[in-house]
1. Please compute the contact order of segment 268-353 in relative form: average sequence separation of alpha-carbon pairs under 8 Å and at least six residues apart, divided by the residue count, as a percent.
2. At a threshold of 8 angstrom on Cα-Cα distance, excluding pairs fewer than six apart, so keeping six or more, what relative contact order does the chain reach in percent?
3. Label TYR51 and SER88 with points 7 Å out from Cα along Cα→Cβ: what is the distance between them in nm?
4. Order these peptides, 208-216, 156-164, by their mean beta-carbon neighbour count within 10 angstrom, highest first.
5. Given the options GLU271, GLU33, GLU128, which has the most mean-square fluctuation in a GNM of the chain, springs set between C-alpha atoms less than 10 angstrom apart?
6. Would you mind checking which residues have amide H under 5 Å from ASP111's amide H? H placed 1.01 Å from N; only 5 or more apart, or other chain.
7. Hey, what number do you get for the chain at 222 nm if only DSSP H runs of n ≥ 4 count, each worth -39500 (n - 2.57), divided across all residues, to the nearest 500?
8. Work out the charge dipole of the chain with +1 on the Cβ of Lys and Arg and -1 on the Cβ of Asp and Glu about the Cα centre, then indicate which of VAL346, VAL334, LEU258 is farthest towards its positive end.
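None of the figures in this text is laboratory data; all of them are computed from the coordinates on show. A quick note: this is a predicted structure, and the numbers were derived from the prediction, not measured. Using ideal geometry, Cβ is built from the backbone for each residue, glycine included, and neighbour counts are taken over all protein chains shown.
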Amino acid sequence: MGTADVIVVGGGISGLAFAWKAGQAGRRVRVLEGDQRVGGCLHSHRRPDGYWFEMGAHTAYNSYGGFLDIAVGAGVAGKIIQRGPARSRFGLLRAGHVRWLTPPKILLQLDWLEAGLSFPAGIFRKKEGQTVYSYYSGLVGRRNYDRLFSPFFAAVPSQKADGFPVEGPGSLFKKRPRREEFVRSFGFDGGLQLVCEAAARSRGVEVETGVAATHVSRAGSEYAVTTADGRTVTAPLLALAVPPPQAAALVREDLPELATALARVATTEVESVGVVLPRDRCWMPECAFLVPVDDLFFSAVTRDPFPDPRLRAFAFHFKGAVPRADRLRRVSEVLRVPVGELGELVEQRRVLPSPALGHGKLVAEIDRCLAGGKLAVTGNFFGGLAIEDCVARSNDEWRRVGG
Ligand SMILES: Cc1cc2nc3c(=O)[nH]c(=O)nc-3n(C[C@H](O)[C@H](O)[C@H](O)COP(=O)(O)OP(=O)(O)OC[C@H]3O[C@@H](n4cnc5c(N)ncnc54)[C@H](O)[C@@H]3O)c2cc1C
């Protein structure tokens with residue numbers, strides 16, 4: 001007997017977008033989330049005094065149509081807040097010195113002779129089969145790319161993005177229609193996690209937090225999910241919405257071919273450290289983020305686009321292998337505040353996909369293994385890492401297995 005119409009493993013935006021679709025279609029959905037909160041990489045840390053900041057994703061755009069559909073449908077679109085003037089100021093941190101840039105000033109940093117020599121040949125190169133590095137270094141020159149573009153691109157997915165495919169599945173930037181009734185780039189009052197929380201409360205959806213799935217198997221015409229607390233839940237339809245290594249581990253015994261394909265998706269670990277400081281302890285001008293060159297971290301994202309009269313917050317995203325003591329030392333150096341005076345630290349480790357050339361073939365292989373079944377797999381390792389890529393994959397999977 002099924003214990004729900006649909007089980008979803010993973011309560012990040014991918015899993016909850018899938019649950020939202022199923023719930024809106026009148027199904028009873030059970031979401032199992034290993035963590036104590038929903039949201040995954042949509043992680044809005046909230047303090048008892050009401051101040052919040054983003055430990056993960058920080059910006060949504062009016063081109064995120066599927067994400068906006070959930071926000072509107074789940075009743076939280078009224079919480080959308082526009083990003084303020086700090087959104088267009090960035091710090092480029094090189095050798096201990098910060099250069100403050102706005103988008104036009106970034107262009108002034110270019111070596112225009114090198115760019116001028118590269119551009120005429122680069123502009124005619126096809127994007128197909130190219131990495132971010134090969135395509136953009138062909139456009140602006142290698143030195144320009146290494147000095148300027150590489151650190152900024154790394155700040156987007158919190159990892160080196162030079163080897164990402166420049167177009168197609170796994171690519172960073174995509175053209176999508178904009179919904180002009182919404183501001184161009186925005187957050188939510190209370191953080192982006194709010195959208196996941198609203199989807200988790202929506203019609204037909206029941207979420208259990210603190211419940212990790214350990215095993216997935218087929219039970220006749222149904223799927224059975226075993227949980228770490230020893231229970232088994234079954235349903236005719238199952239969606240896995242967890243990072244690729246976890247998804248591979250869940251299906252290893254019963255669906256080995258799918259497990260092999262999932263395990264081939266390369267991933268990287270990111271360690272994030274969040275700090276909140278009183279305004280008068282902060283030396284740096286308001287900015288959207290700091291991007292370092294050749295450093296231990298990929299970016300330090302601030303809450304300055306949503307300014308608060310008393311406090312400022314900084315989320316540093318470090319390379320996975322950096323020891324904790326070095327992470328804290330670097331945070332302290334950059335903020336110019338002794339480690340002991342940083343206050344409450346928020347720390348989080350995440351697994352993110354690192355798509356490379358050929359990622360489209362890997363996605364096709366996963367889809368081939370799923371074809372004809374009622375098992376859906378969704379996440380940020382299909383179209384791309386952006387929130388909207390996750391929602392789009394979940395919507396496609398819902399159409400395939402549940403529509
Ligand atoms: C630092 C950072 C900044 C980002 N900034 C942006 C941004 O500004 N804009 C943007 O569009 N995108 C941004 N992204 C990307 C985007 O946030 C993510 O790609 C997206 O949120 C991933 O969602 P997901 O649901 O696929 O995976 P996740 O968010 O990783 O969710 C997976 C969930 O599954 C749970 N889980 C794992 N294993 C199990 C198990 N065995 N049983 C039950 N549950 C399990 C996890 O606890 C987690 O909640 C950012 C990402 C990071 C890390």
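1. 45
2. 25
3. Here the answer is 2.8 nm between the modelled labels.
4. Highest to lowest by the protection proxy: 156-164, 208-216.
5. Sorting by GNM fluctuation, first place goes to GLU128.
6. The list, which skips near neighbours in sequence, is empty: none.
7. It lands at -8500 deg cm²/dmol.
8. About the Cα centre, the residue reaching furthest to the positive side is VAL334.
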